[in-house]
Amino acid sequence: MLFLDPPAHTRIRNLASAAFAPQRVAHLRNHIRDVAMYDRVVTINKTHWPAYRKPGATLVDLRMFDPNDRSSQPRLVFRPEKLRELGIPDALIDAAAKSDPQGFLLFDDLPDQTQPATGLANQTTIDESAT
């Protein structure tokens, strides 16, 4: 769109503007919030991971997009070598490798340990360098 001249630019801009109108975005945000499985963000050594809060525990998903899947909806796969590159501790990678399906960690919770995924300020942080 940036490199188009009128009238093509105007036509594309009008289409994009309608799709991102404030009312449409608010409607989509509410819909996504209602259907999304993940409702938390957990930070492990400065890397953010989706998580799901359940009573007494938090399930963290350490899977990543498959780099070989070029479809419009790439599948998520467990990639231990990439997790090591990101600085995820071996103990967590080993635990995620043993889960069924692979790539998930289940943490027992303490009160107020997790926060909703509403912004970067509200996240659980697991700093493995402190342990």
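Which one is farthest from Lys82 (Cα to Cα), of the residues in the range 44-63 that are without any contact (Cβ under 8 Å) to a residue 40 or more places away in the chain and surrounded by fewer than 14 Cβ atoms within 10 Å (Cβ to Cβ)? Here the residue is Pro55. Is it the case that some residue within the range 83-98 is at pLDDT 80 or above and part of a strand (DSSP E or B)? No, the conditions are met nowhere in the range 83-98.
The values are calculated or read from the model by the stated rules, or taken from the named source; none is laboratory data. Just so you know, these numbers come straight off a predicted model, no measurement behind them. Note that each Cβ is placed from the backbone with ideal geometry, even for glycine, and that neighbours are counted across all protein chains shown.
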